[in-house]
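The values are calculated or read from the model by the stated rules, or taken from the named source; none is laboratory data. Computed from a predicted structure; not experimentally measured. Heads up, the Cβs are rebuilt from the backbone with ideal geometry, glycines too, and the neighbour counts pull from every protein chain shown.
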Amino acid sequence: MRIGILITGPSPEALEPDYGTYADMFERFLGGRGLTFDRWSVHEGDMPPAPEVCDGWLVTGSKHGVYDDLPWIAPLMGFLRAVEASGLPMVGICFGHQIIAHALGGRAEKFKGGWAVGLTEYATPTGPLTLYGYHQDQVVDLPPGAEVIASTAFCPMAGLRYGNQILTYQPHPEFDAAFVRGLLESRAVGVVPDDVRLPALAGLDGPNDNARVAAELADFLLAGHKARAA
């Protein structure tokens, strides 16, 4: 199954030698599960010609906000609406979670309550889910047809599912403790308040559910592809 990765921002330059780009991280995260990958750097104006050039889509995280006045935001939202209309399966993480919701009739914004960073436990219908958060923006209005599948008191719409076609998460299952530590020691300094950043740094090494979500996302994409081909 061919997955198109929509890259929505550059990875941190200081961390790229050790971890690669966001697309590299997702390919490692979902590797070995029957998926192949193509990439489009949509934040640089490289937009796919049509949804059908791939069998499914993945939208990455980004340092940008869905509300930013950038020339690629509106075309990307138009493309995401075209994917939704096509019936192709799609997943989104962090900014991807937000912009899919924004494009499909919900709303994301810079949250007045501040930042969520570090290892975080989310409530889900099947039990607790522990993943790495790194965000200030979040979805605040639920899109039509979406159901909440992961939440915290701070971020009530941290996971959304749109039937059997679209699945998105606010946290980062593709991030490991070392990468988040690098973020908190570089990009976050002077941006994330120290009373949030430093406790998060101290609590990065507990168990997480990254592998569980990798299987979930891959299975979701494969099931969506199979159902559409039937």
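Here are the numbers for the structure shown:
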| quantity | calculated |
| --- | --- |
| Qualifying positions in the range 85-99 - over 25 Å from residue 192 (Cα atoms) and surrounded by 19 or more Cβ atoms within 10 Å (Cβ to Cβ) | 88, 89, 90, 91 |
| Checking residue 100 against (1) outside any helix (DSSP H, G or I); (2) in contact with a Leu (Cβ under 6 Å, 6 or more places away or on another chain), the condition it does not meet | (1) |
| Of residues in the range 100-112 being within 17 Å of the chain's Cα centre (by Cα) and closer than 15 Å to residue 146 by Cα, the one surrounded by the most Cβ atoms within 10 Å (Cβ to Cβ) | 100 |
| Selection count, the range 172-200, where residues are in contact with a helix residue (DSSP H, G or I) (Cβ under 9 Å, 6 or more places away or on another chain) and part of a loop (DSSP other than H, G, I, E, B) | 8 |
| Residue satisfying all of: in the range 14-51; within 16 Å of residue 62 (Cβ to Cβ), within 17 Å of the chain's Cα centre (by Cα) and charged (D, E, K, R); surrounded by the fewest Cβ atoms within 10 Å (Cβ to Cβ) among these | 24 |
| Test set (1) in a loop (DSSP other than H, G, I, E, B); (2) under 17 Å from residue 134 (Cα atoms); (3) touching a residue at least 40 places away in the same chain (Cβ under 8 Å) - residue 26 fails condition number | (1) |
| Evaluation of residue 215 against (1) closer than 25 Å to residue 101 by Cα; (2) surrounded by 21 or more Cβ atoms within 10 Å (Cβ to Cβ) (one fails), failing number | (2) |
| Criterion violated by residue 38 - all others in (1) touching a Ser or Thr at 6+ places or on another chain (Cβ under 9 Å); (2) on the phi < 0 side of the Ramachandran plot; (3) touching a residue at least 24 places away in the same chain (Cβ under 8 Å) satisfied | (1) |
| Filter pass, residue 53 being at pLDDT 95 or above, in contact with a strand residue (DSSP E or B) (Cβ under 6 Å, 6 or more places away or on another chain) and of a type in the set (A, V, I, L, M) | no |
| Pairs where the first residue, in the range 192-210, is in contact (Cβ under 8 Å) with a residue 24 or more places away in the chain and the second is in a helix (DSSP H, G or I), C-beta under 7 Å, 6+ apart | 197/184; 200/184; 201/181; 201/184; 204/177; 204/180; 204/181; 205/177 |
| Answer residue from the range 43-68, given it is among the aliphatic types (A, V, I, L, M) and outside any loop (DSSP other than H, G, I, E, B) and is farthest from residue 227 (Cα to Cα) among those | 59 |
| Among (1) within 15 Å of the chain's Cα centre (by Cα); (2) assigned to a loop (DSSP other than H, G, I, E, B) - the single one residue 143 does not satisfy | (1) |
| Which listed residue, of 146, 150, 116, is touching a residue at least 12 places away in the same chain (Cβ under 8 Å), surrounded by 17 or more Cβ atoms within 10 Å (Cβ to Cβ), among the aliphatic types (A, V, I, L, M) and farther than 19 Å from residue 217 by Cβ | 116 |
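The rows are residues; the columns are (1) under 23 Å from residue 157 (Cα atoms); (2) out of contact with any Leu (no Cβ under 7 Å at 6 or more places or on another chain); (3) hydroxyl-bearing (Ser, Thr, Tyr).
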residue: 46; (1), (2), (3): no, yes, no
residue: 51; (1), (2), (3): no, no, no
residue: 69; (1), (2), (3): no, yes, no
residue: 72; (1), (2), (3): no, yes, no
residue: 82; (1), (2), (3): no, yes, no
residue: 86; (1), (2), (3): no, yes, yes
residue: 93; (1), (2), (3): yes, yes, no
